[in-house]
Amino acid sequence: MSGTLLGIDSRIAYTLLVAVIAAQRAWELRVSRRHLRVLKGRGAIEVGAGHYQWMVALHTTFLLSCVAEVWLLDRPWHSLVATAAMFVLAAATSLRWWTLATLGDRWTTRVLAVPGEELVTSGPYRWLRHPNYLVVVMEIAAIPLVHCAWLTAGVFSIANLILLKVRIRVEDGALIRLAAGGAG
């Protein structure tokens with residue numbers, strides 16, 4: 001049921017899109033590791049490391065599932081659905097870059113807090129407490145729907161929300177306790 005996109009089998013075009021997203025995530029992990037070293041040099045304390053492996057597993061499996069569902073379950077290409085999903089993905093990407101630019105070297109994929117540092121309240125943080133998590137929610141819904149992989153969108157959206165509940169609780173606790181109040 002695949003279609004064509006610019007003369008290419010839509011499944012191939014979609015697989016290339018997911019590959020580009022995976023490459024971006026790999027680049028973000030390298031940036032995160034660099035920022036981790038900078039933050040540790042400033043006395044940052046990592047909290048909630050126990051759930052990190054689950055986040056990595058979820059995001060890796062998610063990208064693989066996007067492609068697998070399209071190819072194995074022969075998901076259709078609907079240009080209207082794809083256009084809407086790409087619009088959401090573009091909005092999420094813009095918010096992601098704004099968030100990363102606002103945080104600078106404070107952005108990592110792990111939960112770190114530097115005792116005594118003020119919380120960031122500029123950029124998207126002026127309006128949202130966790131803009132990057134909104135980005136992830138948007139992406140996990142939109143990326144699969146670019147090629148009607150509704151099963152992946154649904155299953156991983158639910159799994160992500162469960163994981164984000166843990167992550168946000170850990171992060172909020174760390175930021176309140178460490179950044180605002182010191183090392184206690």
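Computed from the coordinates by the stated procedures, all read-outs in this text should not be read as laboratory data. Quantities reported herein were computed from a predicted structural model and do not represent experimental measurements. Positions of Cβ are backbone-derived with ideal geometry, glycine not excepted, and every protein chain shown enters the neighbour counts.
Determine, for each peptide in 102-115, 135-148, the mean count of other beta carbons within 10 angstrom over its residues, then list the peptides with the highest first. Don't skip to the end; give the middle numbers.
Numbers: 102-115: 18.3, 135-148: 22.8.
Output ranking for 102-115, 135-148: 135-148, 102-115.
Send over the semi-axes of region 77-146's equivalent ellipsoid, whole angstrom and largest first, taken as the square roots of 5 times the C-alpha gyration tensor eigenvalues.
Details: eigenvalues 173, 25, 14 Å².
Ellipsoid half-lengths, sorted descending, are 29, 11, 8 Å.
Please pull out the direction-averaged projected area of region 4-180, using the convex hull of its alpha-carbon atoms, in nm² to one decimal place. Don't skip to the end; give the middle numbers.
On the way: hull surface 40.1 nm².
Value for region 4-180: 10.0 nm².
Could you tell me which of 79, 148, 109 has its Cα farthest along the dipole of the chain towards the positive end, charges placed at Cβ (Lys, Arg +1; Asp, Glu -1), taken about the Cα centre?
Comparing the listed Cα positions along the dipole, 109 ranks first.
Give, rounded to the nearest 20 debye, the magnitude of the charge dipole that region 4-180 has about its Cα centre when Lys and Arg contribute +1 at Cβ and Asp and Glu contribute -1 at Cβ. Kindly include the intermediate steps, with their values, before the conclusion.
Values: 18 positive and 11 negative charges, 109 e Å.
That gives a dipole near 520 debye.
So if I restrict to the alpha-carbon atoms in region 119-171, what is the Rg, and what is Dmax, the biggest pairwise distance, in Å?
13.0, 39
Which value at 222 nm does the chain reach when only helices count, each DSSP H run of 4 or more adding -39,500 (n - 2.57), with the total divided by all residues and rounded to the nearest 500 deg cm²/dmol?
Details: 5 runs with 118 residues, N = 184.
Calculated from helices alone, the mean residue ellipticity at 222 nm is -22500 deg cm²/dmol.
Distance from the Cα centre of region 1-78 to that of region 141-180, in angstrom?
Going from one Cα centre to the other spans 14 Å.
Could you tell me which GluC sites (Glu not before Pro) in region 1-93 are loop residues by DSSP with no more than 14 other beta carbons within 10 angstrom of their beta carbon? Spell out each step's value before the answer.
Numbers: sites: 28, 46, 69; in loops: none.
In loop regions of region 1-93 (DSSP not H, G, I, E or B), there are no sparsely surrounded GluC sites (Glu not before Pro).
Would you work out the relative contact order for the chain, in percent, from Cα pairs under 8 angstrom that are 6 or more residues apart?
Over the chain, the number comes to 32 percent.
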